[in-house]
Amino acid sequence: MNHQEKSQEGNITELMEFVLLGYGDLPNFRWFLFGLFLIIYIIILMSNGTIFLITKMDPALQSPMYFFLSNFSFLDICYVSATLPRMLLNLGTQRRRISLVACATQMCFVFTFGATECYLLAVMAYDRYMAICNPLQYPLIMNHRVCIRLVTGSWTIGIPVQIGQTYQIFSSPFCGSNQINHFFCDIPPILKLACRYTFVDEMLVYIVVVLFGMVPFLLILGSYSKIISIILKLPSATSRAKAFSTCSSHLMVVVLFFGSVIITYLRPNTRHSEGTDKVLSLFYTILTPMFNPMIYSLRNKDIIMALRKLLCKPLTF
Ligand SMILES: *[C@@H]1O[C@H](CO)[C@@H](O)[C@H](O)[C@H]1NC(C)=O
């Protein structure tokens, strides 16, 4: 093993790089997976990019809701770009080695963007709650300054904690195998390789997941249950059905995202099976950013109108 060096302590070997196995256990599907993930990446870039552009350009889409959606589509692009390009490279070139520093950097970015994703989803749910349950005060409360603060807060809240957590995880020596049976540097497979796996490490992961996963999830569930109780009081059956279908599709994506995060990180370490982790993490790293634009935007009348306007512009000269 030329990539391991004996350290001074003697029995602990110090790893300099990991090997990300990715989907190496499915060699026959390599090019199929490459094509599939490439298409998914292109779909994510194009749909989120389109939403970002039209919410910035169309004067009809200048309310807080579209301000949040615009920033959210930008975030989705950042979030998938932390994992998918590396995974495509891995599948395409079979170059699987990743240095410790690159691995730590990837983990830090994934979890910082992930925390932003959780809080921005909560902000968007709160915005809908205010607009629907408090329509008279809504323009006063959700003024531009508050919107900027909420978004900036969502982007910065995770940074110090995630840097600290990544540092804590990578400050452990790694011994034994250097093979990560996963497609990115996620916490459970890295902790599995650490020689020092203490109560503190485990507690830290739990605290972080509760703060950045459970808390926003409960805020979202609270907002939506208030919204649904208002919807049920709507007089007309058709508007009730329509509002209900919008709400339930938002809730579905939210449950998919937070559900897979909570199951992955709140399971005790001994219960982790690598296969399950690899499938579950696809939901929160790749599938949710793919569904977000479809569920949050493409079901929205105003966005469809703006899109039509944009696409038909060259024809109306
Ligand atoms: C989203 O909000 C953050 C924090 O305010 C900001 O740094 C970032 O530039 C925004 N992104 C876009 C594309 O508006």
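Quick look at the values:
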item	result
Hits in the stretch 170-181 - residues which are in contact with a strand residue (DSSP E or B) (Cβ under 7 Å, 6 or more places away or on another chain) and either in contact (Cβ under 8 Å) with a residue 40 or more places away in the chain or within 16 Å of the ligand (Cβ to nearest atom) (or both)	P173, F174, C175, N178, Q179, I180
Sole residue being of a type in the set (V, I, T) and either in contact with a helix residue (DSSP H, G or I) (Cβ under 7 Å, 6 or more places away or on another chain) or more than 16 Å from the ligand (Cβ to nearest atom) (or both), chosen from I163, I148	I163
Wholly within the stretch 113-196, helices (runs of 4 or more DSSP H) carrying at least 3 residues that are touching a Leu at 6+ places or on another chain (Cβ under 7 Å)	159-170
Members of the stretch 210-227 found to be among the hydrophobic types (A, V, I, L, M, F, W, C) and out of contact with any helix residue (DSSP H, G or I) (no Cβ under 6 Å at 6 or more places or on another chain), listed by number	V210, L211, M214, V215, L218, L221
Criterion violated by R128 - all others in (1) away from the ligand (no atom under 16 Å from the Cβ); (2) among the basic types (K, R); (3) free of Cβ contacts under 8 Å to residues at least 60 places away in the same chain satisfied	(3)
Lone unmet requirement of (1) outside any helix (DSSP H, G or I); (2) at pLDDT 90 or above for P59	(2)
Filter pass, V254 being surrounded by 13 or more Cβ atoms within 10 Å (Cβ to Cβ), at pLDDT 90 or above and more than 23 Å from D127 (Cα to Cα)	no
Among (1) surrounded by fewer than 17 Cβ atoms within 10 Å (Cβ to Cβ); (2) free of Cβ contacts under 8 Å to residues at least 40 places away in the same chain, the one test that F109 misses	(1)
Unique match (being surrounded by 14 or more Cβ atoms within 10 Å (Cβ to Cβ) and in contact with a Leu (Cβ under 7 Å, 6 or more places away or on another chain)) among I263, I228	I263
Lone qualifier among I163, I180, I157 - being within 22 Å of the chain's Cα centre (by Cα) and surrounded by 21 or more Cβ atoms within 10 Å (Cβ to Cβ)	I180
Any hit, the stretch 48-59, residues being surrounded by 21 or more Cβ atoms within 10 Å (Cβ to Cβ) and under 14 Å from the mean Cα position of the chain (by Cα)	yes
Condition check for I43: assigned to a helix (DSSP H, G or I), loosely packed, with under 14 Cβ neighbours inside 10 Å and away from the ligand (no atom under 16 Å from the Cβ)	no
Residues of the stretch 176-196 satisfying the condition of being farther than 20 Å from V80 by Cα, of a type outside the set (A, V, I, L, M) and touching a Phe, Trp or Tyr at 6+ places or on another chain (Cβ under 7 Å)	N178, C195
Residue satisfying condition, being more than 25 Å from L219 (Cβ to Cβ), crowded, with 22+ Cβ neighbours inside 10 Å and touching a helix residue (DSSP H, G or I) at 6+ places or on another chain (Cβ under 7 Å), within set L121, L91	L91
Pairs with Cβ under 6 Å, 6+ apart, first in the stretch 61-87 and within 23 Å of L36 (Cβ to Cβ) and within 13 Å of the ligand (Cβ to nearest atom), second in a helix (DSSP H, G or I) and β-branched (V, I, T)	S73/I51
Pairs with Cβ under 8 Å, 6+ apart, first in the stretch 155-168 and closer than 20 Å to A122 by Cβ, second within 16 Å of the ligand (Cβ to nearest atom) and hydroxyl-bearing (S, T, Y)	W155/T116; I157/T116; I157/Y119; G158/T112; G158/T116; G158/Y119; I159/T112; Q162/T112
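The values are calculated or read from the model by the stated rules, or taken from the named source; none is laboratory data. All values reported here derive from a predicted model rather than from experimental measurement. Quick reminder, even Gly has a Cβ in these numbers, built from the backbone with ideal geometry, and neighbours come from all protein chains shown.
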